[in-house]
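Below is one structure, written out as C-alpha cells, with a few remarks after it.
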Amino acid sequence: MVGLFSRMVVGITVRMPRWFVGWVSRRYVAGPTLADATKVMQRLSKEGSCFTIDVLGEEITTMDEATFFLEEYKRVITVITENKLDANLSIKPTAFGLLLDSEKGMENIEALVTMANNHDMFVRLDMEDHRVTDDTIQVMLDMHEKGLTNVGVVLQARLFRTIDDIKSIAQKLGPNADYRICKGIYLEPSEISHTDRQPIIKATNACIDEMLDAGAYVGIASHDHPVINHALEALSSRGMGPNGLDPRTNSGKERIGKGPGYEFQMLLGVRGPLRRKLRAKGHPTRVYIPYGEKWYEYSIRRLKENPTIGTQVAKAFMMPWTNRP
Ligand code: FDA
C-alpha cells in the first residue's frame, strides 16, 4: 500500500512543472549557488549546528565535469574559511571522475583533500550504490596511507557487508576511522541487503555499536526515533555524551589526535525540531546542505531511486507536524 502510494507521488511529481519541483525542493536544497548555501549556514549557525556541504551532481560523463566539481569545492573551502563557518565537505568520488579515469579521479580527490587538510577541514566521502562501495572505501584508505587523515567514509547499514567493513577498517585505521553511518538511500537487491524497515533499523543500531566499540568517530545520520534513541543509549552506556568525551569539530586543534567522538547528522529541511532538541541537550549536530545548479536533476533522481522519499515529502507538506524544517 505504502509502496503504491509512493510510486503514485513520484509519478505525479516527475510530471509537474519545474517551478513546482523547485518550490517543494526549496526546503531540502539551499539553492543553486554557493552564496545560497552560505546564507543558510549563517542562518542555522544561530541554532548551534555545524554543517557539511554537498555540491549537487553525480554520474558525470566527462572529465571536464570532474574539473568543475574540484574547482567548485575549492571555492567552498575558501568561503567556509573566510566566513569562519563550522563546516566540512561531503563529496561523491564519482563526481571527481573515479569511474571515468580512476588515476585522474584519485588525483582530483587528493588535490581537494590536501587543500582541505591545509585548512584543517574534514572531507566526507558520500557513499553511492553498491557498485562503488569497494572503490569508495579504498579511496579513503589510500588517502590515509598518504598521511591525509582528514577523510572519512559513509557506510550504509542496510548492506549485509557493512559490519565486516567496519571490522576491516578498524584493523587498518584504528581510532583514525571516522564514519557517517546511515541506513542507505539506494534500494539495493535483497541478495546483498536488508529490505524491510525493522531489519534495517536493527542493522543500523548494530553498526553504531560496532563503530563506537572500535573507538571510531561516528556521525549518526538518521532522523528515525528508534535509531536516535538507540544511539543515545549506546553513547550513555559508554560514558559518552554532552558531559563525557569532547567530540571533534573541524577546527584544527581538536581534530588532531581525535579520539572517540560522535555527532548527530540530519538533512536540511528534515526534522529540525528533533535536531534542535538534541542540540539543546548538548549533543553535537551537523546539517547536510546540498546546493547547486543541478537541483532539479538531483530532486528527480532521488525520487526515482527511492520512491519512499516521495511519501515522506508529501507527508511533510500535508501533515507538517510530523516533520518541520
Ligand atoms: P526514515 O527514512 O525512517 O526517516 C524517518 C523520518 O524522517 C521520516 O518518516 C520522515 O518524516 C523524515 N525523513 C527522512 N528522510 C526524509 C527526506 N529525504 N525527506 C523528507 N523527510 C524525510 N544515504 C546514502 O546511501 N549515502 C550517503 O552518503 C548518505 N548521506 C546522508 C547524510 C546525512 C546527513 C543523512 C541524514 C542521510 C544520508 N543518507 C545517505 C540517507 C540515509 O541513508 C537515509 O536514506 C535517510 O536518512 C532516511 O533514513 P532515516 O534513518 O532518516 O529514517
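Confirm whether Leu85 is open to solvent by 10 Å² or more (accessible area, probe 1.4 Å) and under 22 Å from Leu141 (Cα atoms). Give the derivation first.
Working: open to solvent by 10 Å² or more (accessible area, probe 1.4 Å): yes; under 22 Å from Leu141 (Cα atoms): no.
Here the answer is no, as Leu85 does not meet what is asked.
Go through the range 196-213 and give me each residue that's open to solvent by 40 Å² or more (accessible area, probe 1.4 Å) and at pLDDT below 95.
Matches in the range 196-213: Asp213 only.
Every residue in the range 289-315 that is within 17 Å of Ile53 (Cα to Cα) and surrounded by fewer than 18 Cβ atoms within 10 Å (Cβ to Cβ), please. Walk me through how you get there before you give the answer.
In the first step, residues of the range 289-315 are kept if they are within 17 Å of Ile53 (Cα to Cα); the result is 289-295, 298-299.
Across the range 289-315, the qualifying residues are Glu293, Lys294.
Report yes if some residue within the range 20-28 is in a helix (DSSP H, G or I) and basic (Lys, Arg); otherwise report no. Break it down into steps so the answer makes sense when it comes.
Restricting attention to the range 20-28, the residues satisfying the condition of being in a helix (DSSP H, G or I) are 20-25.
Keeping just the survivors that are basic (Lys, Arg) gives none.
No, the range 20-28 has no match at all.
Could you list, in sequence order, the residues of the range 264-319 that are among the basic types (Lys, Arg) and either touching a residue at least 40 places away in the same chain (Cβ under 8 Å) or more than 7 Å from the ligand (Cβ to nearest atom) (or both)?
Restricting attention to the range 264-319, the residues satisfying the condition of being among the basic types (Lys, Arg) are 271, 275-277, 279, 281, 286, 294, 301-302, 304, 315.
Passing the criteria: Arg271, Arg275, Arg276, Lys277, Arg279, Lys281, Arg286, Lys294, Arg301, Arg302, Lys304.
Can you tell me which residues in the range 97-131 are closer than 26 Å to Glu263 by Cβ, among the charged types (D, E, K, R) and within 14 Å of the ligand (Cβ to nearest atom)?
Scanning the range 97-131 gives Arg124, Asp126, Glu128, Asp129.
Please name all residue pairs, on different chains or six or more residues apart, with Cβ atoms under 8 Å, provided the first residue is in the range 25-52 and is in the same structural domain as Arg275 (by TED's automatic domain parsing) and farther than 26 Å from Ala314 by Cβ and the second residue is of a type in the set (S, T, N, Q) and at pLDDT below 90.
Here the result reads Cys50/Thr249; Cys50/Asn250, each pair linking the range 25-52 to a residue that is of a type in the set (S, T, N, Q) and at pLDDT below 90.
Report those strands (runs of 3 or more DSSP E) wholly inside the range 80-167 carrying at least 3 residues which are touching a residue at least 24 places away in the same chain (Cβ under 8 Å) and farther than 21 Å from Ala37 by Cα.
Details: elements: 87-91, 123-125, 151-156.
Of the strands (runs of 3 or more DSSP E) lying wholly inside the range 80-167, those with at least 3 residues that are touching a residue at least 24 places away in the same chain (Cβ under 8 Å) and farther than 21 Å from Ala37 by Cα span 151-156.
Quick check on the range 170-187: of everything there that is at pLDDT 95 or above and within 16 Å of the ligand (Cβ to nearest atom), which residue is most open to solvent (accessible area, probe 1.4 Å)?
Lys183
The values are calculated or read from the model by the stated rules, or taken from the named source; none is laboratory data. Keep in mind that what you see is a predicted model, and the values were worked out from it rather than measured. Using ideal geometry, Cβ is built from the backbone for each residue, glycine included, and neighbour counts are taken over all protein chains shown. Accessible surface is based on the protein model in full, side chains and every heavy atom, while ligands, DNA and RNA are left aside. Shrake-Rupley method; radii C 1.70, N 1.55, O 1.52, S 1.80 Å.
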